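A short worksheet on the structure shown next.
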Amino acid sequence: MNPVSDLIKNLADQHGRDRHNLLPILQGVVEQEKYLSEFSMIEIARELDLPASEVYGTATFYSFMEHKKMGRYIIRICKTITCSMKGKNQVLLAIQDMLKIDVGETTPDGTFSLLQTNCLGFCHKAPAMLVNHEVYTDLTPEKVREILSTYLKKKKEGGSDDN
């Protein structure tokens, strides 16, 4: 059996196969695979006996459920007015310059993906970004270059993906 199919079956066994268990199953696939492929959404629909359109509609409603393969480190920059007023654009330009990618792109080596997202809930410490599950606040172009350098160093050392 396909590893993604096995994962979905295990998640359905764990959470149940009712409609209200769709979201935890989607989250479980994203946690393991880093994105929801068309195949995984069809498999979830099959496993839960739901229309594929319902699975797709639910998955696309949530901003943290990506539909294309992402990098090892997903950088999400807050795009709210508060972050913009406090220098988000300069921070974003520093990231783009350092990684040589634009918003919505992944580095050729698959290490970083760069996205903008709605409020991260840290307006009092804007601008803010998330790298996988790690929050960074009070960002400046210099600070963001230091942060990304630590991730590049981890990559070279073969560090874990825990962040």
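The values are calculated or read from the model by the stated rules, or taken from the named source; none is laboratory data. Here the structure is a predicted model, which means the values were calculated and not measured. Note that we place each Cβ from the backbone using ideal geometry, even for glycine, and neighbour counts take in every protein chain shown. We work out accessible area using only protein heavy atoms, side chains counted, and drop any ligands, DNA or RNA first. Shrake-Rupley method; radii C 1.70, N 1.55, O 1.52, S 1.80 Å.
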With every protein chain present, what is the per residue accessible area of the chain (1.4 Å probe, Å²)? 54 Å²
Please report the antiparallel percentage of the DSSP beta bridges confined to the chain, to the nearest 5. 55 percent
Rounding to the nearest 10 and keeping the result within 0 to 90°, find how far the Cα-based axis of helix 141-157 lies from the longest principal axis of the chain. 50 degrees
Would you mind checking the tilt of helix 88-99 against the longest principal axis of the Cα atoms of the chain, expressed as 0 to 90 degrees and rounded to 10? 80 degrees
One finds, for His133 and Ser84 with R0 = 30 angstrom and r their Cβ-Cβ distance, a FRET efficiency to the nearest 0.05 of 0.80
About its Cα centre, what dipole magnitude does the chain give when the only charges are +1 on Lys and Arg Cβ and -1 on Asp and Glu Cβ, stated in debye to the nearest 20? 600 debye
Lys/Arg +1, Asp/Glu -1 at C-beta; the chain dipole; positive extreme among Thr106, Phe61, Cys123: Cys123
Dividing the mean separation of Cα pairs under 8 Å (6+ apart) by the residue count of the stretch 39-163 yields a relative contact order in percent of 25 percent
Need the full-extension length gain, Cys119 to Asn21, defined as separation in residues times 0.36 nm minus the C-alpha distance. One decimal, nm. 32.7 nm
Before rounding to the nearest 500, sum -39500 (n - 2.57) across all DSSP H runs of length at least 4 in the chain and divide by the residue total; then give [θ] at 222 nm in deg cm²/dmol. -15000 deg cm²/dmol
Fraction in percent of alpha-carbon pairs per bin - 10 Å, the chain: 10, 35, 29, 20, 6, 0
Please name whichever of Val4, Pro51, Gln32 sits farthest to the positive end of the charge dipole of the stretch 1-144, dipole taken about the Cα centre and charges placed at Cβ: Lys and Arg +1, Asp and Glu -1. Gln32
Between Ile42 and Asp109, what is the label-to-label distance in nm when each label sits 7 Å out along the Cα-to-Cβ direction? 3.5 nm
Express the Stokes-Einstein translational diffusion coefficient of the stretch 18-110 in µm² s⁻¹, to the nearest whole number, given a Kirkwood radius over alpha-carbon pairs, 25 °C and a viscosity of 0.890 mPa s. 163 µm²/s
In whole percent, how big is the carbon plus sulfur part of the accessible area of the stretch 1-96, probe 1.4 Å, protein atoms only? 53 percent
Vicinal HN-Hα couplings computed from phi for the stretch 60-77 (Karplus, 6.51 cos²θ - 1.76 cosθ + 1.60; Hz; Gly/Pro x): 7, 5, 9, 6, 9, 10, 6, 10, 9, 4, 10, x, 4, 10, 9, 9, 10, 9
Any idea how many Lys pairs in the stretch 1-159 come in under 20 angstrom at the alpha carbon, given 8 or more places apart or on separate chains? 26
Give me the distance in nm between label points sitting 7 Å out from Cα along the Cα-to-Cβ direction at Lys155 and Gln32, one decimal. 2.6 nm
